[in-house]
Amino acid sequence: MPHYRSYDDATLAYRVLGSSPTPLVCLAGGPGRDVSYLGDLGGLDREHRLVVPDSRGTGHSPPAADPDRYAFPALAQDLEFLRAHLGLERFALLAHGAAAATAQSYAAAYPDRLSHLVLVCPEGRIQGTRDELPDDTREIFESRSAEPWWPDASAAVRDLATAGPQDARPLLARAAPAAYARWETPQHTHAEAEPDQLHPVPRAGFTQGVDDLARLAVLKNLREVSCPVLVVTGGLDTVTGVRAGSAVADSFPRGEQRRLAGVGHYPWVDDPDLFRAAVASFLGAL
């Protein structure tokens, strides 16, 4: 597995999928989740060489010596050192879920380094808290009440509000179907792998030391990002919803949102062809 050296001399790992000469750097969300859950992103490796870094404390990258280095602005600095290691003057970047915060932090700091930016099911952490943003996740969840998994998942979601850490894992497993558009074999397999992919220390450190002033500074600087930005949202995404994606897209001068009907929080699992076509057409100019 290849490695690169970051700003603090840490040796961090990354993976490469596909042999295309056109790179696409891909960031895993979670936060603090192993990149294996991204798979090949619905076959995007057929058209692009996917470069997927293991963030600190996940996969083959060692834990951070300083907890502040798990924070998403610090992870953006790791990304800049990966870019230099790869010898890329400009590059296309894709980020899923929580990693959209890392990607936006990077874009704000290095706007001239990106040729394209794809944010998949972003949570809008840069744009504000869930209380501040239009949140349609509950509305989407309730709209699916006729699906067979819904009663048990709904009870699990309710119990999660008061559950201790020792009880959370089985409840999360019961609630898992809500993250997908369907509950079939590909979704079962993807969800079953999740518990072993999560790392609580990197997850807890993701917002370490990031206050509102820092967040608002990133948000302000996004207005200087000149590259095209695609925000992909899933019409059945009960994790981050659709409306937060609109706020994210509106933060960029050239931001556009594409809502994919019939997919949830992991669109490359629910409908690989639809997801691949949406992203590939946006990146087609590469």
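Structural remarks
- Condition met for V218 (part of a loop (DSSP other than H, G, I, E, B) and at pLDDT 95 or above): no
- Test: residue in region 242-249 that is assigned to a helix (DSSP H, G or I), closer than 22 Å to A176 by Cα and touching a Lys or Arg at 6+ places or on another chain (Cβ under 9 Å): yes
- Exclusive hit being touching a strand residue (DSSP E or B) at 6+ places or on another chain (Cβ under 7 Å) and farther than 16 Å from V218 by Cβ, set S55, S61, S36: S61
- From L41, L93, L119, L79, residue being within 16 Å of the chain's Cα centre (by Cα), buried (at least 22 other Cβ atoms within 10 Å of the Cβ), at pLDDT 95 or above and assigned to a helix (DSSP H, G or I): L79
- Any hit, region 162-172, residues being farther than 18 Å from A100 by Cα and either buried (at least 17 other Cβ atoms within 10 Å of the Cβ) or of a type in the set (F, W, Y) (or both): yes
- When residues of region 12-35 are limited to those that are assigned to a strand (DSSP E or B) and touching a Ser or Thr at 6+ places or on another chain (Cβ under 8 Å), the one surrounded by the most Cβ atoms within 10 Å (Cβ to Cβ): L27
Matching residues to (1) touching a helix residue (DSSP H, G or I) at 6+ places or on another chain (Cβ under 6 Å); (2) farther than 22 Å from A92 by Cα; (3) hydroxyl-bearing (S, T, Y):
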{"site": "G241", "(1), (2), (3)": "yes, yes, no"}
{"site": "R254", "(1), (2), (3)": "no, no, no"}
{"site": "Q257", "(1), (2), (3)": "yes, no, no"}
{"site": "G262", "(1), (2), (3)": "no, yes, no"}
{"site": "W268", "(1), (2), (3)": "yes, no, no"}
{"site": "P272", "(1), (2), (3)": "no, no, no"}
{"site": "L283", "(1), (2), (3)": "no, no, no"}
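- Residues in region 132-161 that are closer than 26 Å to V225 by Cβ and among the acidic types (D, E): E132, D135, D136.
Conditions (1) under 25 Å from F72 (Cα atoms); (2) free of Cβ contacts under 8 Å to residues at least 12 places away in the same chain; (3) in a loop (DSSP other than H, G, I, E, B); (4) under 14 Å from the mean Cα position of the chain (by Cα), marked per residue:
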residue	(1), (2), (3), (4)
V231	yes, no, no, yes
L236	no, no, yes, no
T240	yes, no, yes, yes
R259	no, no, no, no
W268	yes, no, no, yes
A278	no, no, no, no
S281	no, yes, no, no
G284	no, yes, no, no
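- Within region 188-202, the presence of at least one residue that is in contact (Cβ under 8 Å) with a residue 40 or more places away in the chain and over 23 Å from Y266 (Cβ atoms) is confirmed.
- Which numbered condition L213 fails, given (1) free of Cβ contacts under 8 Å to residues at least 24 places away in the same chain; (2) within 17 Å of the chain's Cα centre (by Cα): (2)
- Any hit, region 52-69, residues being surrounded by fewer than 21 Cβ atoms within 10 Å (Cβ to Cβ), under 14 Å from the mean Cα position of the chain (by Cα) and charged (D, E, K, R): yes
- Taken residue by residue, region 56-68 has at least one member that is assigned to a helix (DSSP H, G or I) and under 22 Å from A109 (Cβ atoms).
- Condition met for F206 (farther than 16 Å from A108 by Cα and either touching a helix residue (DSSP H, G or I) at 6+ places or on another chain (Cβ under 9 Å) or polar (S, T, N, Q) (or both)): yes
- The condition of being over 22 Å from D8 (Cβ atoms) and in contact (Cβ under 8 Å) with a residue 24 or more places away in the chain holds for only one of L75, L79, L88, L38, that being L38.
The values are calculated or read from the model by the stated rules, or taken from the named source; none is laboratory data. This one's a predicted model, so the numbers in the text were calculated from it and none came from an experiment. Counting neighbours? That spans all protein chains shown, and the Cβs are built from the backbone with ideal geometry, glycine included.
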